[in-house]
Amino acid sequence: MTRTLIRGRVGRVGLGLAAAALAGGLAACGGGGGGGSATTAPPARSAEPGVTQVNADLTDFHIALSQKTFKAGAYTFLVKNDGHHDHALEIEGPGGEHRSQTLAPGASAKLNVTLKSGSYEVYCPVDGHKDLGMKTEITVGGATAPVNETPSTSNGY
Ligand SMILES: [Cu+2]
């Protein structure tokens with residue numbers, strides 16, 4: 001069952017690529033037409049929609065997150081080492097473990113994480129930094145701030 005599902009996804013991606021290639025070809029040899037229907041060329045976006053960026057500033061020895069409560073979903077943690085020691089960020093919880101590379105002072109990195117509802121431990125895995133205070137917790141789902149998107153009365157399929 002899962003296998004079929006995965007295959008279906010792959011197939012779709014393949015089709016999408018083919019379509020994109022086709023569209024590119026058409027655009028290349030267009031040179032006129034003047035159809036006026038701009039159905040092609042979706043705007044190029046660097047980040048996927050729905051991915052929230054979170055700042056994680058690491059210092060000696062503290063982790064400052066730009067937010068502590070989350071909704072389940074995709075996030076990109078922008079990890080920056082503002083300290084004088086090497087640091088890294090590890091996020092551990094229901095969705096598994098995610099660890100950034102170890103950052104030298106002044107360096108930064110991105111950590112893509114898909115958060116599921118529950119509690120996560122966020123800490124620095126370098127040496128004993130966790131015990132020195134580089135540790136915090138985040139909560140996903142549950143008692144988050146009220147959000148007025150996703151009306152529950154949408155498409156009742
Ligand atoms: Cu550290």
Practice item. Just give me the residues in region 108-145 being under 14 Å from residue 77 (Cα atoms) and small (Gly, Ala, Ser), in sequence order. Key: 108, 109
Exercise for review: State which residue is farthest from the ligand (Cβ to nearest atom) when the search covers only region 68-92 and only residues that are more than 11 Å from residue 115 (Cβ to Cβ) and assigned to a loop (DSSP other than H, G, I, E, B).
Suggested key: 68
Study note, to complete from the structure: If we ask which residues in region 58-67 are away from the ligand (no atom under 11 Å from the Cβ) and open to solvent by less than 30 Å² (accessible area, probe 1.4 Å), their number turns out to be 1
Revision key, fill the gap. Exactly one of 25, 73 is over 20 Å from residue 134 (Cα atoms) and at pLDDT below 90, and that one is 25
Revision key, fill the gap. Quick count over region 113-137, residues being in a loop (DSSP other than H, G, I, E, B) and under 23 Å from residue 83 (Cα atoms), is 7
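The values are calculated or read from the model by the stated rules, or taken from the named source; none is laboratory data. Computed from a predicted model, the values in this text were never measured in an experiment. Glycine also receives a Cβ, built like all others from the backbone with ideal geometry; neighbour counts cover every protein chain displayed. The protein model used for the area step is the full one, side chains on, heavy atoms only, and it has no ligands, DNA or RNA in it. Shrake-Rupley method; radii C 1.70, N 1.55, O 1.52, S 1.80 Å.
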